[in-house]
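Below: one structure, written as structure tokens.
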Amino acid sequence: MNEPATGTITTVRDTVAAGRATAEQAVVAALDLIDRHNPRLNAVVALRADLALAEARDLDARLRAGEPAGPLAGVPVLVKDLEDVAGMRTTQGSFLFADASPAEADGLVPSRLRRAGAIVVGKTNLPEFATEGYTSNLVFGTTRNPWALDWSPGGSSGGSAAALAAGLAPIATATDGGGSIRIPAASCGLLGIKPTNGLIGRRPIPDWIDLSTDGPLATTVEDLRLLLSVEAGPIAGDPTALSTWAPTVARALPPRALAAPRLVPWGPLPGPVATAFEQALAAFADALGVRVEPIEPEGVFRTGNLDEDWFVLATAEHVARLGRATVKANLERMHPAARAFMEQGLAIGIDEYLAARRRRFGYVRELDELLGDEGIVLTPTVATEGFPADGRLEPGGEPQMLPPDAFTTAVQNMTGHPAISLPAGRLRNGVPFGLMATAPRFRDDLLLGLAAAWEAAQPWPRIAPGYRPFEAALGLA
């Protein structure tokens with residue numbers, strides 16, 4: 001097996017802490033890379049250049065004075081424009097918030113990253129209200145995939161994923177309420193983990209109350225593990241937050257692995273996706289020595305159609321969060337996909353909503369029983385070859401809301417189980433393919449160990465073709 005890949009984050013952090021480069025140089029490098037590459041990607045939608053440079057100089061002075069370096073000292077970070085950064089507006093990719101007042105304080109994950117020494121340089125794009133699997137909105141436009149510019153980097157954390165895949169910064173934040181970490185991870189050749197719900201405390205209350213969590217994207221397992229350790233931890237006011245969690249460094253593999261093309265029976269996968277999935281399963285069994293047992297989607301959830309219930313909860317809760325009157329009055333100001341999402345939410349009645357909430361208990365039990373204490377289930381992360389960057393599925397057509405059978409990722413948001421997308425090749429259109437592993441609740445360590453073994457056995461390109469790893473801008477690669 002190959003040696004584990006050294007992380008960009010740890011490389012930059014160690015170099016700054018040792019004085020071989022400065023935090024100011026790292027921030028300047030990020031700003032230069034964004035200036036050079038962002039015009040064709042549109043991944044970054046706002047900068048705080050002057051403040052970031054001032055914070056970097058202050059950190060450099062403190063390091064020269066002998067103060068201890070944090071685990072992310074001097075590392076530039078981009079923040080998804082769903083999360084608050086003090087002094088910056090949070091638009092959520094919507095005209096409803098395009099003129100929002102600057103946030104007075106950092107959101108939870110940005111605050112934890114900054115306390116660890118990271119320096120926020122700007123914000124990344126997302127679909128309006130984070131409701132879609134491709135990244136395009138009416139405020140900032142369309143984000144493109146650095147692997148294949150006609151295609152989307154996924155969503156809703158698509159701006160962050162595109163920025164990482166192009167090497168614009170070592171860290172870019174992400175959230176996941178229905179696949180918004182894992183879909184862009186798969187589409188951009190990255191690692192992305194949706195942790196067990198509760199591992200990372202939540203503040204403010206998510207729009208999709210029980211479904212959403214923060215989590216990291218990364219180019220290597222070393223970086224993913226580090227980010228998860230910084231982001232994890234409870235917060236006052238979150239009734240679901242775990243009191244404590246610490247990742248293990250063990251590489252223990254699961255004793256058994258199940259595999260299914262989908263976990264909800266939407267029909268067969270498209271041919272190229274099915275082929276990529278079969279090849280990934282064969283590589284998984286051969287490289288890791290874990291026997292893979294096929295299962296049928298129809299046998300996983302008998303309580304109901306989990307994906308349909310996800311849409312009931314997510315759409316209704318988002319309408320309630322914004323206010324029915326506000327939604328109705330502003331439908332014409334929304335991106336077509338967001339408008340369709342909200343229109344679905346407006347049609348949900350209280351009985352339908354509560355019935356879906358009750359069925360969640362059945363879904364959780366069924367997946368708990370399927371996985372046991374140490375099992376995993378493998379699926380494709382995304383059930384299509386990708387999405388056109390602007391969401392126009394038909395030439396000359398309108399951008400639209402993607403159908404539920406395009407995704408395989410809502411399951412783990414409904415049940416709370418952890419899931420990780422692993423880079424596993426590239427499709428015929430140039431878009432990377434992701435293999436998703438789902439583990440028992442609270443066994444995020446099992447996924448990290450699995451990812452480390454996969455990385456050693458099947459190393460992947462850390463950066464999209466035509467780009468260089470971020471550390472190369474500091475002369476470190």
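The values are calculated or read from the model by the stated rules, or taken from the named source; none is laboratory data. Note that the structure is predicted; figures quoted are calculated from it, not measured. Every residue, glycine among them, receives a Cβ derived from its backbone with ideal geometry; neighbour counts consider all protein chains shown. Protein only, heavy atoms only, side chains kept; ligands, DNA and RNA dropped before computing areas. Shrake-Rupley method; radii C 1.70, N 1.55, O 1.52, S 1.80 Å.
Conditions (1) open to solvent by 50 Å² or more (accessible area, probe 1.4 Å); (2) among the polar types (S, T, N, Q); (3) at pLDDT below 95; (4) in contact with a His (Cβ under 7 Å, 6 or more places away or on another chain), marked per residue:
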residue: Ala260; (1), (2), (3), (4): no, no, no, no
residue: Phe277; (1), (2), (3), (4): no, no, no, no
residue: Ala282; (1), (2), (3), (4): yes, no, no, no
residue: Val290; (1), (2), (3), (4): no, no, yes, no
*Is there any pair with a first residue in the range 96-121 that is surrounded by fewer than 16 Cβ atoms within 10 Å (Cβ to Cβ) and a second that is in a loop (DSSP other than H, G, I, E, B) and among the basic types (Lys, Arg) whose Cβ atoms are under 6 Å apart and which are 6 or more apart or on different chains, and what are they?*
Ala100/Arg89; Pro102/Arg89
*Which of (1) modelled with pLDDT of 95 or more; (2) surrounded by fewer than 18 Cβ atoms within 10 Å (Cβ to Cβ); (3) in a loop (DSSP other than H, G, I, E, B) is the odd one out, the single condition Asn2 does not satisfy?*
(1)
_Per-region count, the range 76-88, residues in a loop (DSSP other than H, G, I, E, B), touching a residue at least 40 places away in the same chain (Cβ under 8 Å) and under 16 Å from Asp50 (Cα atoms)_ = 1
_Among the residues listed as Pro399, Pro380, the single one being in contact with a helix residue (DSSP H, G or I) (Cβ under 6 Å, 6 or more places away or on another chain), under 30 Å from Val292 (Cβ atoms) and of a type outside the set (Ser, Thr, Tyr)_ = Pro380
*Wholly within the range 122-241, which strands (runs of 3 or more DSSP E) include no fewer than the required count, namely at least 1 residues that are open to solvent by 10 Å² or more (accessible area, probe 1.4 Å), under 17 Å from Val44 (Cα atoms) and at pLDDT 95 or above?*
174-176
*asked:* Given the options Arg365, Arg441, Arg358, Arg392, name the one that is over 20 Å from Val300 (Cβ atoms), out of contact with any Lys or Arg (no Cβ under 8 Å at 6 or more places or on another chain) and open to solvent by 60 Å² or more (accessible area, probe 1.4 Å).
replied: Arg392
*Mind checking which residues of the range 343-392 are basic (Lys, Arg) and either under 25 Å from the mean Cα position of the chain (by Cα) or assigned to a loop (DSSP other than H, G, I, E, B) (or both)?*
Arg357, Arg360, Arg392
